[in-house]
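Here's the structure we're looking at; comments come further down.
Derivation of every value follows stated rules applied to the coordinates shown; laboratory data play no part. Predicted model only: the values in this text are computed from it and were never measured. Ideal geometry is used to build each Cβ from the backbone, glycine not excepted, and the neighbour counts take in all protein chains shown.
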Amino acid sequence: MTDQAIQYDVALSFAGEQRPLAGDLAQRLVSAGYAVFFDEYERAQIWGGDLPVTLQRVYEFGSRLCVILISDDYVRKPWPNREREYALSRDLIEPGYIVPIQVDNTQLPGLPGTRAYLDLKNFNIPEIFDLLQERLGPRSPAVIE
């Protein structure tokens, strides 16, 4: 990994159509004490900034895990694809950095087809939260506020 500071336990990457799902998961994580990058929580910090630079800092360098809500909407849109590119760059160095959640049958370009994922057909957000909390363990003391 790089020498840049980890600021978040989890960075959420999703298309706008999945905002309610991402928001539900973000709220659960924050309530459990985790630092979460969810764009709605960072509006003031993002406002007026260079968005590609901010996204690279978050998705490639700034979080312990990246949860991607994979959907057709996600794959077709430019900003989620930018986030995906940054996260994939990190995942090459740290396999397992990307924690995929399948919203529909869309495959995520660049992510190996052998990657284990959770499917929203079989798991709901509370169950995914429980598994993610187990995966994360206690909040990392390395996370900077």
Using mean Cβ contacts within 10 Å as the protection proxy, how do 22-31, 8-17, 121-130 order, highest first? 8-17, 22-31, 121-130
Structure-derived volume of the Cα convex hull per residue in Å³: which label, when the choices are (1) 108; (2) 94; (3) 223: (1)
At a temperature of 20 °C and a viscosity of 1.002 mPa s, determine how fast region 1-65 diffuses translationally according to Stokes-Einstein, using the Kirkwood radius over alpha-carbon pairs as Rh; express D in µm²/s, rounded to the nearest whole number. 174
For region 112-125, take each phi angle, set θ = phi - 60°, evaluate the Karplus expression 6.51 cos²θ - 1.76 cosθ + 1.60, and give the result in whole Hz per residue in order, putting x for glycine and proline. x, x, 8, 5, 6, 9, 9, 10, 5, 6, 10, 10, 9, 4
Residue span ASP130 to LEU51: 0.36 nm per residue of separation minus Cα-Cα distance leaves a gain in nm of 25.3 nm
Enumerate by residue number the chymotrypsin sites (Phe, Trp or Tyr not before Pro) in region 40-114 meeting two conditions: DSSP loop (anything except H, G, I, E, B), and at most 15 other Cβ atoms within 10 Å of the site's Cβ. TRP47
Would you pull out the residues with amide H under 5 Å of ASP119's amide H, same chain only if 5 or more places away, H placed 1.01 Å from N? GLN102
Rough spin-label spacing in nm, given labels placed 7 Å along Cα→Cβ, for ASP119 and ILE93: 3.4
